[in-house]
Structures are given as C-alpha cells and as structure tokens.
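Some notes on the structure that comes next.
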Amino acid sequence: MADLDIPSLEEWAGGSGMLRRLTTRFYARVAADDLLGPVFAGMDPSHAERVASFLTEVLGGTPVYTAGGGSHARMIRRHMGRHLTEPQRRRWMTLMLDTADEVGLPVDPEFRASFTGYLEWGTRIAVRDSQDGRADPAADLPMPHWTWSSPGGPAEP
C-alpha cells in the first residue's frame with residue numbers, strides 16, 4: 001500500500017463528526033465529575049467544538065482550528081496559570097478514553113496507541129504549562145501533527 005493510501009488518524013477515527021461527538025460527550029461527563037467539574041466550571045459553551053476542531057487538525061484532518069484563528073500557542077495559553085495536577089490529568093485521560101469507547105472510536109491497537117500517545121503528550125504539556133513560571137509560548141509555535149508513526153512525539157509539521 002502506498003503512503004498516499006494510508007488514512008489519517010482523523011479519517012480512521014471516523015472524521016470530524018466523530019471527534020465532535022467525542023468531545024461533546026466527554027465535556028458533558030467532565031461537567032459531572034467531582035475532580036474535573038470545578039476545573040471546567042464556567043466553560044464556554046463552544047469549548048467542546050473548539051477542542052474537536054483542534055483534535056481534527058492535529059490528527060490529520062482539515063485545519064479548521066487554525067483557519068478560525070486558533071493556534072497551538074493559543075491552546076497552551078488557555079492552560080497557563082490553572083495549576084493542573086497529575087490526578088486531574090489522569091482523570092481527564094480516563095474519562096476521555098472511556099468516552100472514546102462509549103462513542104465508538106476504533107479500538108484497534110494501532111489507532112489507540114497513536115491516539116492515546118497524543119493524549120498523553122498533550123495532557124502532560126497542559127499540566128506542565130499550567131504551573132507558575134511558565135514562559136508565554138511563541139506565537140509561531142507550530143501545530144502538532146500526529147500520525148500513525150508518531151506515538152512517541154509529534155511528527156514534523
């Protein structure tokens with residue numbers, strides 16, 4: 001199979017519609033969670049949609065997030081000063097993966113390894129960058145682009 005025939009992670013996941021279902025259901029669960037609910041209290045009603053757009057782009061889909069003015073630096077800035085903890089990160093991961101099962105994201109090991117690899121990488125950055133003393137990210141920080149071969153780190157943009 002030629003490289004051009006390999007679907008992106010976003011395509012394999014079921015497309016942007018599936019990622020919207022994932023984030024919509026996930027953030028409904030977050031709101032009811034005793035550990036994460038307070039972190040997301042007062043969340044903008046469009047938060048789940050923005051995160052779905054971000055995930056769509058990161059996983060190889062249409063760059064709707066950046067086309068709408070979003071950036072990786074902007075996403076990082078949204079976490080700055082929030083003092084996220086490792087227990088909150090682990091709960092976030094557990095709820096996200098449980099929600100992925102609930103909404104029907106593919107369960108094959110190759111997809112889940114790449115998808116989970118991105119979530120681990122991203123949530124660890126969120127915790128790190130949420131602590132005091134983190135420098136403001138450069139405005140031109142490239143968007144991560146996760147592929148089948150990048151479960152250990154983002155592919156080059």
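For the reader, a short list of remarks on this structure follows.
- Cα-based equivalent ellipsoid, the range 1-144: semi-axes from gyration tensor eigenvalues, Å: 24, 19, 14
- Fewest-first ranking of Val64, Val127, using other Cβ atoms within 10 Å as the exposure measure: Val64, Val127
- Counting charges near Val127 (Lys, Arg +1; Asp, Glu -1) among other residues having Cβ under 13 Å from its Cβ returns a value of +3.
- Shown in residue order for the range 139-144 are the 3J(HN,Hα) couplings computed by the Karplus curve 6.51 cos²θ - 1.76 cosθ + 1.60 at θ = phi - 60°: 4, 9, 4, x, 5, x Hz (x for Gly and Pro).
- The range 1-151, relative contact order in percent, only Cα pairs under 8 angstrom and at least six apart counted: 34
- Qualifying trypsin sites (Lys or Arg not before Pro) in the range 37-113, where qualification requires a DSSP coil assignment and no more than 14 other C-beta atoms within 10 Å, comprise Arg82.
- Per-residue 3J(HN,Hα) values for the range 75-81, derived from phi via the Karplus relation 6.51 cos²θ - 1.76 cosθ + 1.60 with θ = phi - 60°, read 5, 4, 4, 5, 9, 4, x Hz in sequence order (x marks Gly and Pro).
- Residues whose placed amide H lies under 5 Å from that of His145, excluding near-sequence neighbours: Ala155
Here, each number is a calculation from the coordinates, and none is a lab measurement. Remember, it's a predicted structure, so these values are computed and weren't measured experimentally. Here Cβ is always computed from backbone atoms with ideal geometry, including for glycine, and neighbour counts include all displayed protein chains.
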